[in-house]
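Chemist: The following block contains the structure, expressed as structure tokens.
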Amino acid sequence: MSMWIRTIAISMTALWLVGCSSVAQRQLAQDAVTAMGGADKLMAIQTLTMSGGTGTRTKVGQAMTATGPDQVGELSNDVETLDLANSRAAFDYDIKVGDFTQHRHEVLTKFGEGAGGKPIGIESIENVTFASTPSGLFSWGTQNSPEWLLKRNIVSIALAASESASASDAVEDKELDGKMLKYGKGKTHDGEDMGLYFDPTTKMLAGFEVLDTETMLGDVNAQYILSDYKAAGDVQLPHHIKVLKDGEPYSEVQFASIVVNDPKAADVFAIPEALKGQAETASKEADAFPMNLVKVSNGVYHAQAFRHHSMVVEFPTFVAVVEAPYLDTQSRMLAKAVAAQFPNKPIKYAAVTHFHFDHIGGVRAMAALGATILVAKGHEPALRKVLEAPHTHPPDDLAKAGDKAGKIETFEGTKEIKEGNQSLQLISFTGSPHTEPMVMAYVPSGRALFQSDLWFPSIKAPGSPAAAQLMEAIQMAKLRVDTMVGGHGLIGPYAEFTKAIAALKK
């Protein structure tokens, strides 16, 4: 009996597969919405709380060499909250990349009540929190900003597909992630073209593809693969989401549960009282991000931001910056601070210590200002990939700069910038366990040395093998250092550094 039933089921599926090839694309999109619970129930969703997520994030930009394989980030305790009614979204998760672990909380929310509320970002790492404009949010979650939750969530995509897919064109057979599906086309609610994949067995939307413009990757063809549809209240939603960008793994997550219209979801988007001032500023400005120039010595400043910092060196007619981390928003805020501190002195150079994404996320904005990007020869492939990637959706500062944009200048060994009595030495060295190579920046006039990720001045950080190798590089270069300036951490005496290394060797 079971064999007879199975035979009939297979025959019916085969007939449906043949028949649905002539079905209009919109009909399949509407069938998918019906299979999820119906348009009325989907449109009634105000919030989604997806929790218990585990998975991976692959494009974290933490390779050992500029042409080597990237490390894979392990995601756990992932909670993604989406407020469709008020255009808000949030990530909360733990990430582990190699020996590095971190809890991160990133929120796209609004300052002000009702329709007049203005979008702002809130980022919190290890109990340190700040408010910025939305473009200041940096994420290692399933996307590089919670804003993508608003654009690429299943509810919005399914409803848009049911409204925009062709009512006359038939679907075609097309493969997605190794599975033959039915394919059509539609548009997002923002008017973006998208490809739609329907599962002929379940009638569910099995995936969609669209052009994403990534901060670091630029324009990429993205595929969102949806599976493990299960009940979430009165609707069926995918609990497994896999993202490919330009055909390569980007992120993958399996959620334990999804709650629809949870009254507690609103709490995620509340602005802490201590941040109300920053939030109000962020709601009014084109760019808002923590930035403070702290004097290190004559003509040398530490540009202190959230957790990733830069060094600024003043020359008679221009300024040089070492490190353009995090995002373009931070670089624009740094440029604003430099213009206020050093009127009529352009940023002529921006140097890079290494190619990890969190330390070059603002390099495109520096190039857009016309700064020459100084790069160790070993870092060139990674930096060219970032700087030459097209950004059209929408265009960023560098895409708009045209011929005015700064170019890459590479060096091997030591590169010296000198004007008048001021000089800046960029020294490439090998053997670091962090990346190969690394670059340290030294200002002889102030005996100040800047580096990133190897030593964290003035925050009571312990010594490490990476810090010990940095000391060897300093000694080999015969540098006379009095002050350590950190890409992380603050400003500290060299004696603090030597003490930490001595303790490490005991």
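Chemist: Taking N as the number of residues in region 362-415, what is its alpha-carbon radius of gyration divided by 2.2 N^0.38 Å?
Modeler: That works out to 1.14 for region 362-415.
Chemist: Once region 49-123 is represented by equal point scatterers at the alpha-carbon sites, with solvent omitted, what log10 I(q)/I(0) does the Debye formula produce at q = 0.22, 0.24, 0.26 Å⁻¹?
Modeler: -0.96, -1.04, -1.12
Chemist: Just to check, using Stokes-Einstein with a Kirkwood Rh over alpha carbon pairs, what's the diffusion coefficient of region 396-506 at 37 °C and 0.692 mPa s in µm²/s?
Modeler: 215 µm²/s
Chemist: Over the Cα atoms of region 159-208, what radius of gyration and what Dmax do you get, in Å?
Modeler: Here Rg and the maximum Cα pair distance are 10.5, 30 Å.
Chemist: Can you list the lysines whose alpha carbon is less than 24 Å from that of Lys505, not counting same-chain residues fewer than 8 positions off?
Modeler: Excluding near neighbours in sequence, the set is Lys460, Lys478.
Chemist: Trypsin sites (Lys or Arg not before Pro), restricted to region 340-384: which are DSSP loop and have at most 10 other Cβ atoms within 10 Å?
Modeler: Sites meeting the loop and neighbour criteria: none at all.
Chemist: Per residue Cα convex hull volume for the chain, in cubic angstrom?
Modeler: Roughly 167 Å³ of hull volume per residue.
Chemist: Taking the alpha-carbon distance from Lys185 and a cut-off under 27 Å, which lysines remain once sequence neighbours fewer than 8 residues away in the same chain are dropped?
Modeler: Those lysines meeting the cut-off are Lys41, Lys151, Lys174, Lys203, Lys230, Lys242, Lys245.
Chemist: Taking the dipole about the Cα centre of region 293-380, with the C-beta of Lys and Arg at +1 and of Asp and Glu at -1, give me whichever of Val338, His379, Ile360 is farthest to the positive side.
Modeler: Positive-end residue among those listed: Val338.
Chemist: If you find the alpha carbon centre of region 299-355 and of region 448-488, how far apart are they in angstrom?
Modeler: Result: 20 Å between the Cα centres.
Chemist: Another one. Once neighbouring chains are kept in place and the probe is 1.4 Å, which whole percent of the accessible area of region 292-372 is contributed by carbon and sulfur?
Modeler: Carbon plus sulfur share of accessible area: 50 percent.
Chemist: Moving to a separate point now. Suppose all protein chains stay in the model; what accessible area per residue would a 1.4 Å probe give for region 200-318, in Å²?
Modeler: In whole numbers, region 200-318 has 41 Å² accessible per residue.
Chemist: Span-like helices, the chain: DSSP H, alpha-carbon axial extent 18 Å or more, mean Kyte-Doolittle 1.0 or greater, which ones?
Modeler: 2-20
Chemist: Still on this structure, please answer the following. Taking a probe of 1.4 Å, how large is the accessible area per residue of region 443-498, in Å²?
Modeler: On a per-residue basis, region 443-498 sits at 42 Å².
Chemist: Divide by every residue of the chain the summed helix terms, -39500 (n - 2.57) for each DSSP H run of at least 4, and state the resulting mean residue ellipticity at 222 nm, rounded to the nearest 500 deg cm²/dmol.
Modeler: Roughly -7000 deg cm²/dmol at 222 nm, from the helical runs in the chain.
Chemist: Okay, next question. Starting with the highest mean, order 103-116, 273-286, 240-253 by the number of other Cβ atoms within 10 Å, averaged over the residues of each peptide.
Modeler: The densest-packed peptide leads the list: 240-253, 103-116, 273-286.
Chemist: Let me ask something else. If you build the Cα gyration tensor of region 121-257 and take the root of 5 times each eigenvalue, what three semi-axes come out, in whole angstrom, biggest first?
Modeler: Ellipsoid semi-axes (Å, largest first): 28, 17, 15.
Chemist: P(r) for region 356-450, please, calculated from all Cα pair distances in 10 Å bins and given in %.
Modeler: Pair shares across the bins are 15, 41, 32, 11, 1.
Chemist: Right, here's the next one. Given the convex hull of the Cα atoms of region 187-226, what is a quarter of its surface area in nm²?
Modeler: 3.2 nm²
The values are calculated or read from the model by the stated rules, or taken from the named source; none is laboratory data. These numbers come from a predicted model, not from an experiment. Positions of Cβ are generated from backbone atoms using ideal geometry, with glycine treated the same way; all protein chains shown enter the neighbour counts. SASA here: full protein model, heavy atoms, side chains in, ligands and nucleic acids out. Shrake-Rupley method; radii C 1.70, N 1.55, O 1.52, S 1.80 Å.
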